[in-house]
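This report refers to the structure that appears directly beneath it.
The values are calculated or read from the model by the stated rules, or taken from the named source; none is laboratory data. Treat the numbers as computed from the prediction; the structure is a model and nothing was measured. Cβ placement follows ideal geometry from the backbone for every residue including glycine, while neighbour counts extend to all protein chains displayed. These accessible areas exclude ligands, DNA and RNA; they are computed on the full protein's heavy atoms, side chains included. Shrake-Rupley method; radii C 1.70, N 1.55, O 1.52, S 1.80 Å.
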Amino acid sequence: MPLIPVVLWTDALVFLLLAVIALFAVWAARHAHLRAPWLRVLHSRVGIATLIVLLAYGSIGLLDSVHLRLKLDQPDAAGDIRYAPEVLSLLDLILSDLRTQQEKTYSAPFATHLHTKDALNQPDGTVLRTYPRLQYGGAHLVDPERDRWDDITHRALTGLTKGAILWALLVVALILWQAVRQQQSVSAVLGCILRGRTRLPWRTALSTLLLLLLLVGGISELALTYHVLGTDKVGENVLYQALKSIRTGLLIGTLTTLIMLPAAILLGIMAGYFRGWVDDVIQYLYTTLNSIPGVLLIAATILMLQVYMSNHADAFASLVERADLRLLCLCLILGVTSWTGLCRLLRGEALKLREIDYVQAAHALGVGHFTIITRHILPNVMHIVLITLALDFSGLVLAEAVLSYVNIGVDPTMHSWGNMINSARLELARDPVVWWSLAAAFVFMFTLVLAANLFADVVRDAFDPRLNRV
Amino acid sequence: MSESLPEPLPESQAEPLLQITELTTILGNPAQPLRVVDGLTLTLDRGETVALLGESGCGKSLTALSLMRLLPDSGRIVAGSVRLAGTELLTLTEAEMRQVRGGQLAMIFQEPQTALNPVLTVGTQIGEAVRLYQGAASEAVRSRVLTLLRAVGIPAPVQRLTEYPHQLSGGMKQRIMMAMALAGDPQVLIADEPTTALDVTIQAQVLRLLKSVQAKSGLAMLLITHDLGVVAETAERLAVMYAGQLVETAPVAAFFAQPLHPYSRSLLASLPDANQRSGRLLVIPGRVPPLDAQLSGCRFVERCPNAEPRCHQEHPAWRTLADGRGVRCHRVDELSIHPAPPLVVASANTTVDSAPTPAPAAITPETPTPAAEVQVPLLTMRGLQVHFPIYRGLLRRIVGHVRAVDGISLDLYAGRTLALVGESGCGKTTVGKGLLQLVPPTGGSVRYRGQELIGLSHRRLRAFRKDLQIVFQDPFASMNPRMVVGDIIGEGLHALRILPKRADRLRRVAELLELVGLDPEAINRYPHEFSGGQRQRLCIARALALDPRIIVCDEPTSALDVSVQAQILNLLKDLQEQLGLAYLFITHDLSVVPYLAHKVAVMYLGRVVEHGPVDEVLDDPRHPYTKALLSAVPVIDPTRRRQVIQLDGDMPSPRQPPSGCHFHPRCPEVMAICRHHYPVETRLGTKRRVCCHAVAAGLTD
């Protein structure tokens, strides 16, 4: 085998989450009361545009969640096959150029020379302090001063064209598929899409996709020969760092909710439905948890974990595994501190629902407590759960950045927007200023959080019974 | 359309106070507008009360909002004119209109609970209205507010000024609303279902107050209501609205003597009445047509018993008749020659209707089974108590009890209906839930076929769940919106493992749907696809799924329109005859009681005050509360109207019931003993029980 797969803890949870989402999708498709609001989400223009952005982020995160170890070329002394010790993801393999083309230290976006002066030994034996040429960035240029901008423009245009061609192929495929499905002529389908007369807002979807593909095409073409977003202190490509950070951000946003969800739903509904001492115990639990400052709890846990890890260094096969465990712990502790809000909401809702006539009727029909909870109460609070999840997601992505900034977030070796911002603290104090790490982290995070927030708004509106009659 | 306008006053001297001409309002998306008010023409004179009558969804409230120009954002007035004392209202600017609203044209709303701001005191809220129209100094405002509060009959107005809306009862809040409406000395008062949310005794208070205010100030009043009884007692003229159009206008007396439009006739005929006991209520089939459709013919044609081909094609024009009447019907001439033929056909044995003699008391009551009295009761309830503890303070100590139900004894017999009557807050719903053990009773006993139900565990109760079922008041809240009809109705069969296989269950559900008069195709649909009446049928089907012996009907018709109510009452009656069910029929609406019930128990503040056969209790009430309750029910037939016994104040809180007889603070016949001792039960004959000192004293004398 040329490689062996490595399944990290968080990878396993990501796949579990995917399975849950897939099951939910199948289930929702079969129930009119769930299908209708989700169709409304898809039929909204903001909904579909943000969904495409989120899917783009999601697929990068997913590629980064398939981990493996490559086979080494030489077998070891005993002749057994040896595998490289470093754990790579599919994304690493795709971006292996970006990953391996390390410069010496800082360089600005599209630069051909380092950001800092260095002493160069001239062939004539003198030492010259100047900005040395980059090893990879713009290395093919003979005279960077003269050729650089022409070359960048040329390559950018090539990349944009490639993106546009790819998009055009997709559009043709879509139109043909629609024409066959609706049994209409190609021009009729095209006309409908152009005039925005389709039920799914294809025009918006395709425009978003065009924008995305142009961006991907241009950047990937340029990234072959330049450091598009510059390099950081150790010469690592910032674009690569930002892309790798996507997985961290998404994981924090989704795994945390996955972890807190069962507790919040179960305890919230139990408290509201059974009332009495059950309610007292659960309320006591979450008021206590709520009154401890969240940051304190997180700091304590992460610091304890750090001590444990340094004492048991040999328990971890690789750095990646170690960082992964820390990420998982962070998700866990964030989950522990964030379930109380949803739990409170659900308790209130269950208190209301338990008195409603159809629950009373179920009692009168002799239906058991468990069935009442799963059949009558849970489906009727699901919209609250979905809305909370969507709204919490962006908050958690931002929380990661803040926690990493105060050094109690993810492992320093792990790529994350928080770590990038953390390092930017010193970079901004330099002269001339190193602004690109911070800017890259900001743009990537901003796009994700904005898309998630807009999407959450659309989801909330779609599920709001006052805005739509089901 | 060349419609002649109705002229209520043949040789009207001057322009009427309010003249609405061809008012047309549309609602919703402009591409497919709903014509919610369509060419409405109506006049209103000083000192006159005109009732606007119709079922829900006919556009009554939107007419009122159009007059006030307070339509929701999606609504627009597209044609017509509204002239108030010579001023055209529809062309006024918004600023000018604000002066008119409240100044000349005031409105009171249906729901007093939500129309007042809960964080402001009553005085502030009325004062705000006064200041707007008078701009007076604060001392003058205060005295004006006090005058208004006195005018609407609020006791101790000075104390009320500093109270908040939650400290007042529903009737009080409606009075406050009226005081605010009167603050600007309006000429026209629009009352949108002002008493629908109130109990009958309070309704009587409010209606009387409205009349007296009108008599003093010469207000013109547009009374919007669906209650024919209220119309008969308060209005001089009425206008019947159907699907956005007026179908008939007439003076009230003439209308009730002989309604002309088939819709008006059906509406009158579907009112339950003691005379219709052995018959069936007339049912108007179908429902109000959707207003977005292009309606070519008469809007009532689908439900009309007298429809002919012309009605389907031609839109009937407005016809002005003699005596200030008008009607929109092609066949009015033929129909008015034969007075009320459709009614007699529909309910053959109710011809007594036309006889104005007081209801013959005992024509039907004992006909079904004279042996019923010897029968063993299916269920006996003795001294049932449901007390809810009140917790206070940090340690949640019990500081008192809400005595929602305080010692109720009832018997239910197979094939018989016991009506439990009382005003809201008297605990009647709690009795039903306590019977089914949906709220745990705190005392007494409920024995079903000799087996005590109180104190049984959740699991042991399941054996009895099959036999005891319930139908709720609100058909919109009583079904899980996330389940299909097949699963909702089959839920009990599944839970009690009577039919564990889904296919068997669905077969049984299809039978049940058939039984309650619904299409078995409904199995795979969701509750929101059904109308209120259909949903109530679904709820009845769910209750019937387990073959129960007893069904508690908790106000099953109070959320429904009159015509739909008739359908449900007929269905309940048929099912009782077919299946020999026992009903505990809980209601606040005394008019349905004689139609359905065999016995009646009147509840006041958690206790039964009078209990006996329906005809005896309703015709010869003994307890002062029963008397007052009955006298407050609005009656259509003027010859059967009783003198309304006015009850002062509201029902006290069940937290601190008055000492002695609970009713003594409001009782017109109160005696000294009533203040100290709760009366013991007095038996009148074999079947009647009354709890009243006056009755007991009358017997011993």
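To check you understand DSSP bridge types, tell me what percent of the beta bridges within chain B (both residues inside) are antiparallel, rounded to 5.
That works out to approximately 60 percent antiparallel.
Dividing the convex hull volume of the alpha carbon atoms of the stretch B:17-98 by its residue count, what do you get in Å³ per residue?
In the stretch B:17-98, the Cα convex hull volume per residue is 97 Å³.
Below 8 Å, C-alpha to C-alpha, sequence gap of six or more: please give me the relative contact order for chain A in percent.
20
Using only the alpha-carbon atoms, how far is helix A:144-182 inclined from the longest principal axis of chain A? Give it as 0 to 90 degrees, nearest 10.
The helix A:144-182 is inclined about 30 degrees to chain A.
Rounding to the nearest 10 and keeping the result within 0 to 90°, find how far the Cα-based axis of helix A:238-274 lies from the longest principal axis of chain A.
So the helix axis and the longest Cα principal axis differ by about 10 degrees.
Can you list the residues of the stretch B:420-447 whose accessible area drops by at least 50 Å² going from the chain on its own to the full set of protein chains, with a 1.4 Å probe?
B:LEU438
On a C-alpha basis, how far is the centre of the stretch A:358-415 from the centre of the stretch B:550-601 in Å? Whole number, if you could?
The distance from the Cα centre of the stretch A:358-415 to that of the stretch B:550-601 comes to 44 Å.
Nearest 10 degrees is fine. How inclined is helix A:202-223 to the longest principal axis of chain A, computing both from alpha carbons?
30
Rolling a 1.4 Å sphere over the protein heavy atoms, what is the accessible area per residue of the stretch A:377-470, to the nearest Å²? Kindly include the intermediate steps, with their values, before the conclusion.
On the way: 4210 Å² over 94 residues.
Using a 1.4 Å probe on heavy atoms only, each residue of the stretch A:377-470 averages 45 Å².
Can you list residues from other chains, or at least 5 along the same chain, whose modelled amide H is less than 5 Å from the amide H of B:VAL37?
Under 5 Å from the amide H of B:VAL37: B:THR25.
Using the Kirkwood radius over C-alpha pairs as Rh, can you work out the diffusion coefficient of chain A via Stokes-Einstein at 10 °C, viscosity 1.306 mPa s, in µm² per second?
Using the Kirkwood radius from Cα pairs, D works out to 62 µm²/s.
Based on DSSP H runs of at least 4 residues, each adding -39500 (n - 2.57), what is the mean residue ellipticity at 222 nm of the protein assembly as shown after dividing by all its residues, to the nearest 500 deg cm²/dmol? Don't skip to the answer; put the middle values down first.
On the way: 41 runs with 532 residues, N = 1171.
Mean residue ellipticity, 222 nm, calculated: -14500 deg cm²/dmol.
Which whole number gives the average, over all residues in B:462-469, of C-beta atoms from other chains lying within 10 Å of the residue C-beta?
The shielding value for this peptide is 2.
Principal axes first, then extents: for the Cα atoms of the stretch A:144-223, list largest minus smallest coordinate on each axis, whole Å, largest first.
Principal axes ranked by extent give 57, 17, 16 Å for the Cα atoms.
Charges at C-beta only: +1 for Lys and Arg, -1 for Asp and Glu. How large is the resulting dipole of the stretch A:144-223 about its Cα centre, in Debye rounded to 20? Intermediate values should be presented prior to the final figure.
Working: 9 positive and 5 negative charges, 124 e Å.
Here the size comes out at about 600 debye.
Please list, ordered by chain and number, the residues whose modelled amide H lies under 5 Å from the amide H of B:GLY444; skip anything fewer than 5 residues away on the same chain.
Distant-sequence amide H within range of B:GLY444: B:GLN385.
Checking the a/c ratio against 1.5 first, then a/b against b/c, what shape does the Cα gyration tensor give for the protein assembly as shown? Kindly include the intermediate steps, with their values, before the conclusion.
On the way: a/c = 2.30, a/b = 1.87, b/c = 1.23.
Because a/c hits 1.5 or more and a/b exceeds b/c, the protein assembly as shown counts as prolate.
In straight Cα distance, which aspartates and glutamates are under 13 Å from A:LYS162, not counting same-chain residues fewer than 8 positions off?
Cross-link targets: A:GLU221.
At a 1.4 Å probe, which residues in the stretch A:345-368 are at least 40 Å² less accessible with all protein chains present than in their chain isolated?
The answer is A:ASP357, A:TYR358, A:GLN360, A:ALA361, A:HIS363, A:ALA364, A:LEU365, A:GLY366, A:VAL367 - residues whose exposure falls by at least 40 Å² when every protein chain is included.
Okay, which of the stretch A:291-321 sit inside 16 Å, backbone N to the point 7 Å along the Cα-Cβ direction of A:VAL406?
A:291-304
For peptide B:493-503, how many partner chain Cβ atoms fall within 10 Å of a residue's Cβ, on average?
2
By per-residue mean of other Cβ atoms within 10 Å, what is the highest-first order of A:75-88, B:257-270, A:379-392?
B:257-270, A:379-392, A:75-88
What does the average come to when, for each residue of peptide B:478-485, you count the partner chain Cβ atoms lying within 10 Å of its Cβ? Present the calculation step by step, with values, prior to reporting the outcome.
Working: counts 6, 3, 13, 6, 12, 6, 3, 0.
Going residue by residue through B:478-485 and averaging, the value is 6.
Straight-line reach from A:LYS244: which lysines have a Cα under 22 Å away, not including same-chain ones fewer than 8 places off?
Counting by Cα, and skipping residues close in sequence, A:LYS244 has these lysines nearby: A:LYS104, A:LYS233.
Counting pairs of alpha carbon atoms under 8 Å apart in space and at least six apart in sequence, what relative contact order in percent does the stretch A:8-121 give? Before the final figure, lay out the partial values.
On the way: 67 pairs, mean separation 16.9, N = 114.
RCO, the stretch A:8-121: 15 percent.
Considering only the protein assembly as shown, what is the antiparallel percent among its DSSP beta bridges, to the nearest 5? Don't skip to the end; give the middle numbers.
Details: 71 of 108 bridges.
Just about 65 percent of them are antiparallel.
Name the residues whose placed amide hydrogens come within less than 5 Å of the amide hydrogen of A:LEU134, ignoring near sequence neighbours (fewer than 5 apart) on the same chain.
A:HIS113, A:LEU114
Bin width 20 Å, origin at 0, all Cα-Cα pairs of chain B: what percent of pairs per bin?
It works out to 16, 47, 33, 4, in whole percents.
From the Cα gyration tensor of the stretch B:41-170, with a ≥ b ≥ c the square roots of its eigenvalues, which class applies: rounded if a/c is under 1.5, or else prolate if a/b is larger than b/c, or else oblate? Don't skip to the end; give the middle numbers.
Numbers: a/c = 2.02, a/b = 1.61, b/c = 1.25.
In terms of gyration-tensor shape, prolate.
May I ask you to evaluate 6.51 cos²θ - 1.76 cosθ + 1.60, the Karplus curve with θ = phi - 60°, for each residue of the stretch B:94-105 and list the ³J(HN,Hα) values in order in whole Hz, giving x for glycine and proline?
4, 5, 5, 4, 4, 5, 5, 5, x, x, 9, 10
Below 8 Å, C-alpha to C-alpha, sequence gap of six or more: please give me the relative contact order for chain B in percent.
Relative contact order of chain B: 13 percent.
May I ask you to rank B:ASP620, B:ASP637 by accessible area, largest first, using a 1.4 Å probe over the protein chains only?
My answer, sorted largest first, is B:ASP620, B:ASP637.
Tell me the per residue accessible area of the stretch A:144-223 using a 1.4 Å probe; a whole number in Å² is fine. Please list the in-between numbers first.
On the way: 5200 Å² over 80 residues.
Counting only protein heavy atoms, the per-residue value for the stretch A:144-223 is 65 Å².
Using the Cα centre as the reference, give the magnitude of the dipole from point charges on the C-beta atoms of the stretch A:240-463 (Lys, Arg: +1; Asp, Glu: -1; all else neutral), rounded to the nearest 20 debye.
The calculation lands at about 100 debye.
Between the stretch A:164-239 and the stretch A:110-136, what is the C-alpha centre distance in whole Å?
41
Arranged from highest to lowest average of other beta-carbon atoms within 10 Å per residue, in what order do the peptides B:481-488, A:13-20, B:86-93, B:438-445 appear?
On the way: B:481-488: 20.8, A:13-20: 14.6, B:86-93: 12.9, B:438-445: 16.6.
Highest-to-lowest ranking by the protection proxy: B:481-488, B:438-445, A:13-20, B:86-93.
Please compute how much accessible surface disappears when A pairs with B, both sides summed, using a 1.4 Å probe, and round it to the nearest 100 Å².
Using a 1.4 Å probe, the pair buries roughly 2300 Å².
Under the Kirkwood approximation applied to all pairs of distinct alpha-carbon atoms, what is the hydrodynamic radius of the stretch A:36-87 in Å?
14.7
Across the stretch B:549-557, in residue order, what do the Karplus-derived ³J(HN,Hα) couplings come to in whole Hz, using 6.51 cos²θ - 1.76 cosθ + 1.60 with θ = phi - 60° and x for Gly and Pro?
With the stated coefficients, the stretch B:549-557 comes to 9, 10, 10, 8, 9, 8, 6, x, 10 Hz.
In square angstrom, what is the accessible area per residue of chain B with a 1.4 angstrom probe?
Per-residue accessible area for chain B comes out at 41 Å².
Below 9 angstrom from the Cβ of B:GLN110, what's the summed charge of the other residues (Lys, Arg +1; Asp, Glu -1)?
-3
Suppose we compare each residue of the stretch B:521-568 in its chain alone and in the full protein complex with a 1.4 Å probe; which ones drop by at least 30 Å² of accessible area?
B:TYR526, B:HIS528, B:ARG542
Please report the carbon-and-sulfur percent of the accessible area for the protein assembly as shown; probe 1.4 Å, protein heavy atoms only, DNA, RNA and ligands left out.
60
Would you work out which of B:ALA545, B:HIS312, B:THR195 lies farthest towards the positive end of the dipole of chain B, given +1 charges on the beta-carbon of Lys and Arg and -1 on that of Asp and Glu, about the Cα centre?
Selected residue: B:ALA545.
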